[in-house]
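The values are calculated or read from the model by the stated rules, or taken from the named source; none is laboratory data. Keep in mind that what you see is a predicted model, and the values were worked out from it rather than measured. Backbone-built Cβ (ideal geometry, glycine too); neighbour counts: all protein chains shown. The accessibility values were calculated without ligands, DNA or RNA, using every heavy atom of the protein model including side chains. Shrake-Rupley method; radii C 1.70, N 1.55, O 1.52, S 1.80 Å.
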Amino acid sequence: MTYYCEEKDAVLSELQSSQSNGLTAVEAERRLAENGKNKLAAAKKKSLFRRFMEQLADPMIIILIVAAVISGVLAVVENESFADVIIIMAVVIINAVLGVFQESKAEKAIEALQEMAAATSKVLRDGKVMQIHSEDLVVGDVVLLEAGDAVPADGRIIECASLKIEEAALTGESVPVTKEVEKITLSSGAKDVPLGDRKNMVYMGSTVVYGRGVAVVTATGMDTEMGKIAGALAQAEEGKTPLQIKLSQLSKILTVLVLGICVIVFGVQLIRAGSLNFEFAIDSFMAAVSLAVAAIPEGLTAVVTVVLSIGVTNMSKRNAIIRKLTAVETLGCAQIICSDKTGTLTQNKMTVVDCYSTDKEFTAIAMALCCDAEIDEDGVVTGEPTEAALVAWANKLGKNKNELQKQYPRVGEAPFDSGRKMMTTVHASPLEGQDTWYLQYTKGAPDVILDKCTCAVINDIPCDLTDELREEILAANKAMADKALRVLACAQRVWVAKPNDFSPDYLEEELCFVGLCGMIDPVRPEVKDAIEQCGEAGIRPIMITGDHIDTAVAIAKELGILTEGARAISGSQLNEMTDEEFEKEFQSISVYARVQPEHKTRIVNAWRKAGYVTAMTGDGVNDAPSIKAADIGVGMGITGTDVTKNVADMVLTDDNFATIVGAVEEGRRIYDNIRKAIQFLLASNMSEVIAVFLSTILLGSPLLASAHLLWINLVTDCFPALALGMESAEPNVMKRKPRNSKAGIFADGMGVDVVYQGVLVAALVLFSYFVGSYFEYHVWSLKVSAHGTTMAFLTMSMAEIFHSLNMRSQRGSMFSMKKPNKMLFIAAFVSLLATTAVCEIDFLASAFSFTKVGFAEYGIAIALGFCVIPVVELVKWIQRKIAKKRDK
């Protein structure tokens with residue numbers, strides 16, 4: 001059937017659906033099973049083999065593989081053991097397998113979050129409106145659409161009011177299309193109607209920008225017009241975070257560093273040997289392999305990926321769904337949070353508590369009819385909170401909306417628009433024995449409504465709207481606003497015949513004022529503490545609201561947003577400011593009232609231009625530009641439109657300001673922990689490079705072979721590094737200023753820490769080597785010693801295990817940490833067991849060329865490793881003293 005060329009009733013009949021009841025749940029389930037999900041075909045996922053090969057394609061891993069291959073060739077030529085080759089390749093393969101596993105785990109975490117943030121649609125099933133995942137829609141479903149919704153499937157419009165849809169994704173035309181219900185008649189000779197001219201159809205991938213409508217689904221998934229165009233839609237790949245990019249750059253730097261050190265070692269070896277020969281080549285190559293392994297932090301990328309994936313999963317448990325991994329890092333830098341008031345700072349549970357009118361019941365009727373909220377048989381009201389409050393209030397006064405609608409059926413409307421700040425409905429009002437006449441009700445912001453009024457209803461009689469009466473109404477409005485009430489006005493207009501034009505410009509003139517309603521939306525109890533926390537964390541909250549300025553100021557003062565020295569302005573005042581004036585003034589403004597969506601973008605851009613990392617919340621379709629412009633776009637999960645959620649970096653499932661602050665705290669914790677893991681691993685690599693380099697210069701060969709270093713990097717170090725990623729937030733995490741978003745990996749003294757800690761561990765390891773050598777030869781010497789190597793391995797492993805405890809805080813004492821990190825203690829214990837096992841179990845010790853170690857030597861190795869704790873604690877204490885003195 002060519003649906004757009006048929007009457008709506010014929011379409012419904014063809015699809016075996018009903019405009020009043022939709023499909024039955026049973027029938028919808030059958031159709032879903034028969035035709036599949038309403039999803040476009042996704043690109044095929046990478047195979048396990050391809051993922052495995054990509055892990056091996058890392059430049060640093062390739063160096064190890066080449067080293068293993070050449071070591072194997074040399075083992076054949078020299079007729080020596082293949083132990084080194086086997087160990088290197090085993091570690092490389094295990095690392096690749098772990099990488100694939102961790103990548104899959106991270107992917108599943110992101111998929112789970114995407115499922116939580118999946119698009120939903122309002123459908124009519126079994127005669128009831130319900131919300132379902134858009135992918136569960138089937139042909140024949142009756143879908144309800146309103147401004148801000150993404151059209152979930154192709155459909156034939158069966159009801160609409162001022163419906164406008166932007167179809168640029170399909171037609172390339174950015175101007176919204178005005179939709180209608182009537183069937184399309186083909187012009188003479190035409191075989192079809194171009195997609196852009198099908199005014200009675202809606203299509204997947206388009207967006208409702210105005211009005212509302214109802215459509216019956218005619219095609220889903222790959223059968224939609226979008227599906228025909230797409231063929232196969234590849235899922236958007238999650239880009240690397242700035243930190244991950246910096247780590248990739250670090251890998252390249254380390255590779256160059258390795259090559260440079262190898263050249264130096266080669267030169268020293270050449271001078272020592274006096275000439276080039278095969279033995280010299282082998283020695284130089286093995287030294288180079290050890291240096292390469294020492295400098296390459298094999299587990300670093302995997303650790304960062306896992307910590308990030310665990311972090312975003314934890315955030316989702318705190319009602320913040322991260323849609324882009326980059327947001328995790330940016331959250332830790334947030335300096336400004338621009339927040340809507342209603343529903344985010346307040347509870348979004350409006351209740352009418354005051355009314356200014358000579359006829360309260362008439363005002364209730366006008367308010368209840370001029371809204372889209374509905375009430376069921378049990379008295380439960382559903383709809384936008386403000387409108388729901390009006391319907392509930394009317395019901396309380398004995399004016400049930402369902403009964404009112406039967407008496408005064410709606411025949412036309414001009415939907416709410418944030419630019420007009422009004423909505424209008426027109427109702428038939430049949431009188432016994434007379435022709436039908438029509439009542440128009442308009443509700444909206446009091447100042448806007450009054451501007452459109454020429455009279456007022458006083459005791460059921462229209463009277464002139466004198467200046468005195470206007471002042472009285474404005475005074476009543478201000479009295480309510482001063483009590484932090486949200487105030488709406490309503491007006492009426494009588495038509496003797498049905499209007500032939502339902503456009504706002506035609507309807508909303510020459511109105512007659514009816515009354516005011518004052519509603520309260522209580523502040524969320526947890527928000528006040530969150531605002532206080534923002535102040536301690538160096539974050540400034542900015543309130544942006546469409547409410548009256550008096551209401552906004554009252555709420556802002558109650559919450560502590562509007563403090564001494566800060567001020568509030570209205571959208572009209574903002575309009576009057578030039579860009580130059582606003583740039584001078586904006587930092588002193590904490591509250592913006594009566595704003596329009598375009599104002600939000602201007603506010604965000606002003607803060608960003610001044611160098612501040614800014615978060616912006618939004619829910620309406622017109623908020624999308626400002627959310628996109630912000631460093632962190634925050635969408636509302638409950639009241640937010642699909643369009644807004646799709647451009648947001650983070651979606652709040654509870655629409656709560658406190659959740660944003662909690663997400664900032666979690667973002668800081670995650671970033672702190674990643675830095676701790678990076679510092680821990682790089683300090684380890686630094687100590688290995690120094691120890692191997694100096695031992696090669698002094699002894700002629702590295703004190704630790706590549707197999708030993710790989711074990712330390714991937715077994716001893718990796719488990720504690722992962723556990724550091726799960727460390728609880730430090731007590732001062734929300735009592736310090738946001739970090740600089742442009743700061744590098746080694747900012748805040750981390751580079752210095754890596755160097756001195758690396759030097760410290762290297763010194764302990766070298767000393768341990770010579771102690772081992774003394775136990776073997778009973779004399780201090782620079783001879784190559786297998787016993788010395790065993791002692792050096794033990795000491796380095798012990799030092800890393802103990803150092804992981806140091807890294808629980810970059811500057812704080814490990815003894816001041818109140819919450820224990822159980823995972824870290826388990827990881828340290830596992831690493832200790834693994835280190836002991838590789839030295840004491842015969843076949844492992846033989847594979848690694850280790851010698852037996854006595855209790856005395858084992859104790860010395862532990863004691864030397866433990867030395868990192870007091871030394872690092874002393875340095876931290878000095879650093880804290882210097883920082884404290886500097887801050888004064």
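Quick look at the numbers
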item	result
Residue within region 212-231 that is at pLDDT below 70, open to solvent by 50 Å² or more (accessible area, probe 1.4 Å) and not in a strand (DSSP E or B) present	yes
Test: residue in region 530-537 that is in contact (Cβ under 8 Å) with a residue 12 or more places away in the chain, farther than 30 Å from Glu471 by Cα, open to solvent by less than 10 Å² (accessible area, probe 1.4 Å) and assigned to a loop (DSSP other than H, G, I, E, B)	yes
Those residues of region 566-581 which are of a type in the set (A, V, I, L, M, F, W, C) and either surrounded by fewer than 17 Cβ atoms within 10 Å (Cβ to Cβ) or touching a residue at least 60 places away in the same chain (Cβ under 8 Å) (or both), in sequence order	Ala566, Met577
Residue in region 305-314 that is in contact with a Leu (Cβ under 9 Å, 6 or more places away or on another chain) and modelled with pLDDT under 75 present	no
Residue in region 120-133 that is on the phi < 0 side of the Ramachandran plot and at pLDDT below 75 present	no
Counted residues, region 373-386 - those being closer than 16 Å to Thr639 by Cβ and either open to solvent by less than 20 Å² (accessible area, probe 1.4 Å) or modelled with pLDDT of 90 or more (or both)	2
Meets criteria (in contact (Cβ under 8 Å) with a residue 24 or more places away in the chain and either open to solvent by 20 Å² or more (accessible area, probe 1.4 Å) or closer than 17 Å to Val765 by Cα (or both)) for Val838	no
Filter pass, Thr601 being crowded, with 21+ Cβ neighbours inside 10 Å, within 25 Å of the chain's Cα centre (by Cα), under 21 Å from Phe657 (Cα atoms) and among the polar types (S, T, N, Q)	no
Any hit, region 811-819, residues being exposed (fewer than 15 other Cβ atoms within 10 Å of the Cβ), over 39 Å from the mean Cα position of the chain (by Cα) and either farther than 21 Å from Val692 by Cα or among the hydrophobic types (A, V, I, L, M, F, W, C) (or both)	no
Every residue from region 608-649 that is touching a Cys at 6+ places or on another chain (Cβ under 6 Å) and in a loop (DSSP other than H, G, I, E, B)	Val613
Given (1) more than 26 Å from the chain's Cα centre (by Cα); (2) in a strand (DSSP E or B); (3) under 25 Å from Asn740 (Cα atoms), number of the condition Leu516 does not satisfy	(3)
Test result for Val411, crowded, with 22+ Cβ neighbours inside 10 Å and either in contact with a Leu (Cβ under 8 Å, 6 or more places away or on another chain) or outside any loop (DSSP other than H, G, I, E, B) (or both)	no
Scope region 762-792; condition at pLDDT below 95 and either touching a Cys at 6+ places or on another chain (Cβ under 8 Å) or in a loop (DSSP other than H, G, I, E, B) (or both); matching residues	His778, Val779, Trp780, Ser781, Leu782, Lys783, Val784, Ser785, Thr790
Single residue of Val759, Val830 found to be open to solvent by 70 Å² or more (accessible area, probe 1.4 Å) and part of a helix (DSSP H, G or I)	Val759
Residues of region 445-475 satisfying the condition of being open to solvent by 50 Å² or more (accessible area, probe 1.4 Å), of a type outside the set (Ser, Thr, Tyr) and part of a loop (DSSP other than H, G, I, E, B)	Lys452, Asn459, Asp460
Number of the condition not met by Val752 [criteria: (1) surrounded by fewer than 15 Cβ atoms within 10 Å (Cβ to Cβ); (2) at pLDDT below 90]	(2)
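Yes/no per residue for (1) closer than 17 Å to Ile365 by Cβ; (2) of a type in the set (A, V, I, L, M, F, W, C); (3) without any contact (Cβ under 8 Å) to a residue 12 or more places away in the chain; (4) in contact with a Leu (Cβ under 7 Å, 6 or more places away or on another chain):
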residue: Gly419; (1), (2), (3), (4): no, no, no, no
residue: Thr425; (1), (2), (3), (4): yes, no, no, yes
residue: Ser429; (1), (2), (3), (4): yes, no, no, yes
residue: Tyr441; (1), (2), (3), (4): yes, no, no, yes
residue: Pro446; (1), (2), (3), (4): no, no, no, yes
residue: Lys452; (1), (2), (3), (4): no, no, no, yes
residue: Cys455; (1), (2), (3), (4): no, yes, no, yes
residue: Ile458; (1), (2), (3), (4): yes, yes, no, no
residue: Leu465; (1), (2), (3), (4): no, yes, no, no
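Residue-by-condition table, conditions (1) surrounded by fewer than 17 Cβ atoms within 10 Å (Cβ to Cβ); (2) modelled with pLDDT of 90 or more; (3) part of a strand (DSSP E or B); (4) touching a Phe, Trp or Tyr at 6+ places or on another chain (Cβ under 7 Å):
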{"residue": "Thr425", "(1), (2), (3), (4)": "no, yes, yes, yes"}
{"residue": "Glu432", "(1), (2), (3), (4)": "yes, no, no, no"}
{"residue": "Asn477", "(1), (2), (3), (4)": "no, yes, no, no"}
{"residue": "Cys490", "(1), (2), (3), (4)": "no, yes, yes, yes"}
